[in-house]
Amino acid sequence: MKTSAVIFDLDGVLTDTAEFHFIAWKAIANKLGVDFDIDDNEKLKGVDRENSLMYIIKKGGIAMEANQFNHLLAEKNEHYLTLINDINPSHLFDGVLTCFTTLKKANIKIGLASASKNAALVINKLGIESSFDFIGDAAAVAHSKPAPDIFLSVAEGLKVKPENCVGVEDAVAGISAIKSANMFAVGIGDAKVLTQAELVFPSMSEFDFGTVLAALLLMSST
Ligand code: G6P
Ligand code: MG
């Protein structure tokens, strides 16, 4: 395998928006009388807006008209937009800029594959737009994570074969998407949770591209 690109998820990998999604979904769930805890949130990481609300109403055994469903989607997003209003470059996780510099020096392309329709806004607030060779559009793909669509669309945008891409994700659904796209999966978080990942770093500050390359080499030799 010749690694030519690294494709990053956004929420929970480059910055802590995962926490804001949690707060906004918990408010909607509680309003509907549905309990919503960290375990629920873990399942919703990487899952798009519509399917996240579906999960909550299914958990509560609630029947809902399309109108109310759409209204709640808008309400959640408004709350989320308020929560991310003050995001700025200081909210980038430690290690992200160093990682980007390492990749650029090694001539590795950098892509973004987020399920969030707010991704472009967040990237802009973080001041890292120019670091990316291609930014995927969650609104333009047919199936959201755990389907591989967004990762495949970014590989196509980068003009790199999926098998030559490394995907980086903090969510179970995201790691599944990377695996279905036939890419090497790097998890950021808890290895006991991200069991499908080939390699897991506890945080971005521990992301080490040399270790990724060594793992890839080992894989191709076995
Ligand atoms: C990311 C987050 C999810 C979120 C999804 C959609 O994948 O991990 O928690 O639901 O994006 O985000 P959006 O900003 O479009 O509502
Ligand atoms: Mg994520």
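The values are calculated or read from the model by the stated rules, or taken from the named source; none is laboratory data. Note that this is a predicted model, so its numbers are computed, not measured. Glycine also receives a Cβ, built like all others from the backbone with ideal geometry; neighbour counts cover every protein chain displayed. For the accessible areas, the whole protein counts, side chains as well, though only heavy atoms, and no ligand, DNA or RNA atoms are used. Shrake-Rupley method; radii C 1.70, N 1.55, O 1.52, S 1.80 Å.
Would you please classify the overall shape of segment 159-218 from the alpha carbon gyration tensor, given that a ≥ b ≥ c denote the square roots of the eigenvalues, rounded means a/c under 1.5, and beyond that prolate means a/b larger than b/c while oblate covers the rest? Here segment 159-218 falls in the oblate category.
The distance linking segment 1-47 with segment 108-175 is 15 Å (Cα centroid to Cα centroid, whole angstrom).
Please work out the FRET efficiency for the pair GLU206 and LYS159, using the Cβ-Cβ distance as r and a Förster radius of 30 Å; give the result to the nearest 0.05. Here the calculated transfer efficiency is 0.50. With viscosity 1.306 mPa s and temperature 10 °C, the Kirkwood radius over alpha carbon pairs of segment 115-162 converts through Stokes-Einstein to a diffusion coefficient of 140 µm²/s. For the residues GLU75, GLU50, GLU65, a GNM of the chain with alpha-carbon springs under 10 Å puts the largest fluctuation on GLU65.
Counting only aspartates and glutamates at least 8 places from LYS145 when in the same chain, those with an alpha carbon closer than 15 Å to its own are ASP9, ASP11, GLU42, ASP48, GLU50, ASP137, GLU169, ASP170. Under the classification rounded if a/c is under 1.5, otherwise prolate if a/b is larger than b/c and oblate if not, where does segment 77-183 fall, given a ≥ b ≥ c as square roots of the Cα gyration tensor eigenvalues? Judged from the Cα gyration tensor, segment 77-183 comes out oblate (a/c at least 1.5, b/c at or above a/b). Across all directions, the shadow cast by the convex hull of segment 1-101 built on its C-alpha atoms averages 8.6 square nanometres.
If the Kirkwood radius is taken over C-alpha pairs of the chain, then at 10 °C and 1.306 mPa s the Stokes-Einstein diffusion coefficient equals 89 µm²/s.
Here each label is just a point 7 Å from Cα along the line to Cβ, and for LYS104 and ILE23 those points are 3.1 nm apart.
A Cβ-based charge dipole, computed about the Cα centre of the chain with Lys and Arg at +1 and Asp and Glu at -1, lands at about 480 debye. Taking a Cβ cut-off of under 11 Å around ASN164, the surrounding Lys, Arg, Asp and Glu residues balance to a net charge of +3, with basic ones at +1 and acidic ones at -1. For the listed peptides 6-16, 82-92, 134-144, a ranking on the average number of other beta carbons within 10 Å per residue, highest first, reads 6-16, 134-144, 82-92. Mean-square fluctuations from a GNM of the chain, with a 10 angstrom spring cutoff on Cα atoms, peak among ALA197, ALA120, ALA155 at ALA120.
Near ASN85, once Lys and Arg are set to +1 and Asp and Glu to -1 for all other residues with Cβ below 14 Å from its Cβ, the sum equals -1.
Size descriptor for segment 67-110, Kirkwood hydrodynamic radius: 13.4 Å (Cα pairs only, one decimal). The mean sequence separation of alpha-carbon pairs under 8 Å and at least six residues apart, normalised by the residue count of the chain, gives a relative contact order of 26 percent. Between LEU97 and GLU78, the distance separating the two model label sites (each 7 Å from Cα on the Cα→Cβ line) works out to 3.6 nm. Could you give the accessible area per residue of segment 137-222, probe 1.4 Å, as a whole number in Å²? Value for segment 137-222: 46 Å² per residue. In the chain, the DSSP-assigned H stretches of four residues or longer account for a calculated mean residue ellipticity at 222 nm of -14000 deg cm²/dmol, using -39500 (n - 2.57) per stretch and the full residue count as denominator.
Ordering ALA115, ALA66, PHE100 by Cα displacement along the dipole of segment 56-129 toward the positive end leaves PHE100 in first place; charges were set at the Cβ atoms of Lys, Arg (+1) and Asp, Glu (-1).
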